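J.: Quick one: the structure is below, and I'll ask about it shortly.
The values are calculated or read from the model by the stated rules, or taken from the named source; none is laboratory data. The structure presented is a predicted model; accordingly, all values stated were derived computationally and were not measured. Cβ placement follows ideal geometry from the backbone for every residue including glycine, while neighbour counts extend to all protein chains displayed.
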Amino acid sequence: NIDVKFPLGVMTVVTGVSGSGKSTLVRDILYRAMVRHLGNPCDAPGLHRALGGDLNRILAVEFVDQNPIGKSSRSNPATYLKAFDEVRRLFSEQQGARQMGFTPGYFSFNAEGGRCEECKGEGTITIEMQFMADIVIPCEACHGQRFKSDVLEITYNGKNINDVLNMTVNQAVEFFGESSDSICRKIVRRLKPLQDVGLGYIKLGQSSSTLSGGENQRVKLAYFLAQEKPEPTMFIFDEPTTGLHFHDINTLMDSFNRLIAQGHTVIIIEHNLDVVKCADHVIDIGPEGGELGGNIVAAGTPEEIMACDASYTGHFLKEKL
C-alpha cells in the first residue's frame with residue numbers, strides 16, 4: 001500500500017537499512033513489471049496494483065548486477081565489448097595471414113583452426129585430482145600462448161595475437177591509437193569505455209572468472225556506454241560501489257552522468273553516502289528492516305531527505321552535506 005515515483009531522465013538512488021525492501025521494490029517489482037510492460041519474458045513481478053506514468057518514454061530496461069559477464073572461463077572483456085572481433089579481422093588482413101589463407105576465425109581461441117588443439121585454446125591443462133583441488137599447468141604444446149606457432153608468427157607492428165591479449169586496456173588503446181587504420185580506430189572506440197569506467201588496468205584476454213563483482217559490473221557498464229543506445233533506457237544498478245575505492249566511485253559517477261546526458265534514466269540501490277549525496281532524487285525505504293520495513297520514509301532531493309528526522313539515511317547525510 002505505498003505509491004512510489006521514479007522520475008525519468010535523472011539519477012534516482014533507493015536507500016534504506018538492510019532488509020528494508022529496496023531490492024524487492026526495485027528488482028522484484030519495478031524491473032520485472034517494466035520488462036513485462038515492454039513485452040519481454042521475465043519472472044512474475046512482485047505484488048503491486050499498477051505501473052503507471054510516462055511508460056512510453058522508456059523503450060528498454062537493463063538490470064546491471066555483479067554476476068560474471070560470461071558463463072565460461074573463455075569469456076573476457078575484449079570479447080564482451082566486441083573489440084576482439086576487430087582485432088581478429090586486423091590480423092587476418094596482414095600480408096602473412098593472406099598468404100597462409102588465415103581467416104579471422106584462425107585468430108580465435110574458441111574455434112578450431114588456429115588455436116592450440118592440445119589445450120583447445122585454454123593455454124592451460126587441468127589435471128583432475130580425486131581428493132584434492134584440481135591442478136592447472138601451462139600447456140606444453142603452446143606454452144600458455146593458446147595458438148599454433150604458425151598463427152603466432154603473424155604480427156601487426158611487431159606484436160602477435162597472444163601479445164595483444166596480454167596487453168592491458170591502457171596499453172592496447174595506446175598501441176592501436178597510433179595507427180590511422182579504420183579497424184584500429186574501431187578497436188580503440190570499443191576499448192575506450194573500459195578506460196572511462198576505470199578498468200584500464202585489466203588485460204584484454206583476462207578470464208572473466210578472475211574479475212571481481214565490481215569489475216564485472218563496470219565491464220557491463222562499459223558495454224552499454226559503447227553501445228550509445230539511441231532509445232531511452234532505464235538502467236538499474238544493484239549496489240555498484242561494493243568494494244570500490246573512492247577514486248573508482250568518482251569514475252563511476254562520471255559514467256552514470258554520461259548515461260543521463262544521453263537521455264537515459266539511472267536507478268541505483270545503494271548504501272554509499274558518496275553516491276546518495278549526488279542523487280537527483282532519493283527514495284528512502286524503511287524505517288527498519290524485515291517486518292518494520294517496506295514503507296516510504298522520505299522521498300525527494302538529498303536535502304529533503306536530510307530534513308526528515310525519521311530517516312536514518314538523512315541523519316548520516318547531514319555529515320556529508
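J.: Find the residue count for the range 274-314, including only residues that are out of contact with any Ser or Thr (no Cβ under 9 Å at 6 or more places or on another chain) and of a type in the set (D, E, K, R).
T.: Residues meeting the conditions: 5.
J.: Limited to the range 145-161, what total is found for residues that are in a helix (DSSP H, G or I) and closer than 13 Å to F84 by Cβ? Reasoning before the result, please.
T.: Initial filter on the range 145-161 (in a helix (DSSP H, G or I)): 149-152, 161.
Narrowing the set further to residues that are closer than 13 Å to F84 by Cβ leaves 161.
Of the residues in that region, 1 qualify.
J.: Let me ask something additional. Would it be correct to say that L252 is assigned to a helix (DSSP H, G or I), surrounded by 15 or more Cβ atoms within 10 Å (Cβ to Cβ) and touching a Gly at 6+ places or on another chain (Cβ under 9 Å)? Before the answer, list the steps.
T.: Details: assigned to a helix (DSSP H, G or I): yes; surrounded by 15 or more Cβ atoms within 10 Å (Cβ to Cβ): yes; touching a Gly at 6+ places or on another chain (Cβ under 9 Å): yes.
For L252, the condition - assigned to a helix (DSSP H, G or I), surrounded by 15 or more Cβ atoms within 10 Å (Cβ to Cβ) and touching a Gly at 6+ places or on another chain (Cβ under 9 Å) - is met.
J.: I'm told S108 meets every condition in (1) free of Cβ contacts under 8 Å to residues at least 40 places away in the same chain; (2) in contact with a Leu (Cβ under 8 Å, 6 or more places away or on another chain); (3) farther than 23 Å from T265 by Cα except one. Can you identify the failing condition by its number?
T.: (2) is the only condition that S108 fails.
Yes/no matrix, rows are residues, columns are (1) buried (at least 18 other Cβ atoms within 10 Å of the Cβ); (2) small (G, A, S); (3) out of contact with any Lys or Arg (no Cβ under 9 Å at 6 or more places or on another chain):
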| residue | (1), (2), (3) |
| --- | --- |
| T155 | no, no, yes |
| D163 | no, no, yes |
| F175 | yes, no, no |
| E178 | no, no, yes |
| C184 | yes, no, yes |
| V188 | yes, no, yes |
| K192 | yes, no, yes |
| G198 | yes, yes, no |
| G205 | yes, yes, no |
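J.: Might you let me know whether the range 282-298 holds any residue that is in a helix (DSSP H, G or I), more than 26 Å from I29 (Cβ to Cβ) and among the small types (G, A, S)? Break it down into steps so the answer makes sense when it comes.
T.: The initial filter retains those residues of the range 282-298 that are in a helix (DSSP H, G or I), namely 290-292.
Add one more test, that the residue is more than 26 Å from I29 (Cβ to Cβ), and what stays is none.
Within the range 282-298, not a single residue is in a helix (DSSP H, G or I), more than 26 Å from I29 (Cβ to Cβ) and among the small types (G, A, S).
J.: Additional query: Looking only at the range 189-219, count every residue that is farther than 19 Å from T251 by Cα, in contact (Cβ under 8 Å) with a residue 12 or more places away in the chain and part of a helix (DSSP H, G or I) and tell me the total.
T.: Selection size over the range 189-219: 2.
J.: Pull up the range 119-136, narrow it to residues that are closer than 18 Å to N162 by Cα and of a type in the set (A, V, I, L, M, F, W, C), then point me to the one that is surrounded by the fewest Cβ atoms within 10 Å (Cβ to Cβ). First the steps, then the outcome.
T.: Taking the range 119-136 as the starting set, the residues that turn out to be closer than 18 Å to N162 by Cα are 119-125.
Checking which are of a type in the set (A, V, I, L, M, F, W, C) leaves us with 119, 125.
Values: C119: 21, I125: 16.
Ranking the qualifying residues of the range 119-136, first place goes to I125.
J.: Let me ask something additional. Among what's in the range 259-276 and is surrounded by fewer than 17 Cβ atoms within 10 Å (Cβ to Cβ) and not hydrophobic (A, V, I, L, M, F, W, C), pick the residue that is nearest to the chain's Cα centre (by Cα).
T.: This residue is Q262.
J.: Looking only at the range 224-237, filter to residues that are under 26 Å from N76 (Cβ atoms) and at pLDDT 90 or above; which one of those is surrounded by the most Cβ atoms within 10 Å (Cβ to Cβ)? Before you say what the answer is, go through the steps one by one.
T.: The initial filter retains those residues of the range 224-237 that are under 26 Å from N76 (Cβ atoms), namely 224-229, 233, 235-237.
Remaining after also requiring at pLDDT 90 or above: 233, 235-237.
Details: T233: 19, F235: 22, I236: 22, F237: 25.
Among residues in the range 224-237 that are under 26 Å from N76 (Cβ atoms) and at pLDDT 90 or above, the one surrounded by the most Cβ atoms within 10 Å (Cβ to Cβ) is F237.
J.: Given the conditions (1) of a type outside the set (S, T, Y); (2) surrounded by 18 or more Cβ atoms within 10 Å (Cβ to Cβ); (3) touching a residue at least 40 places away in the same chain (Cβ under 8 Å), which single one is not true for D150?
T.: All conditions pass for D150, except number (2).
J.: What are the residue pairs meeting all of these: first residue in the range 55-76, first residue outside the structural domain of V87 (by TED's automatic domain parsing) and under 26 Å from G39 (Cβ atoms), second residue in a strand (DSSP E or B) and polar (S, T, N, Q), Cβ atoms under 8 Å, and 6 or more apart or on different chains?
T.: Partner pairs satisfying both residue conditions: I58/T233; I58/T265; L59/T233; A60/T233; V61/T233; E62/T233.
J.: Here's a follow-up. Would you pick out the residues in the range 277-315 that are surrounded by fewer than 17 Cβ atoms within 10 Å (Cβ to Cβ) and of a type in the set (S, T, N, Q)?
T.: N295, T301
J.: Let me ask another. Inside the range 191-229, can you point out the residues that are touching a strand residue (DSSP E or B) at 6+ places or on another chain (Cβ under 7 Å) and under 19 Å from D85 (Cβ atoms)?
T.: I202, K203, K220, F224
J.: Given the structure, is R88 assigned to a helix (DSSP H, G or I), touching a helix residue (DSSP H, G or I) at 6+ places or on another chain (Cβ under 6 Å) and modelled with pLDDT of 90 or more?
T.: Working: assigned to a helix (DSSP H, G or I): yes; touching a helix residue (DSSP H, G or I) at 6+ places or on another chain (Cβ under 6 Å): yes; modelled with pLDDT of 90 or more: yes.
Answer is yes for this residue.
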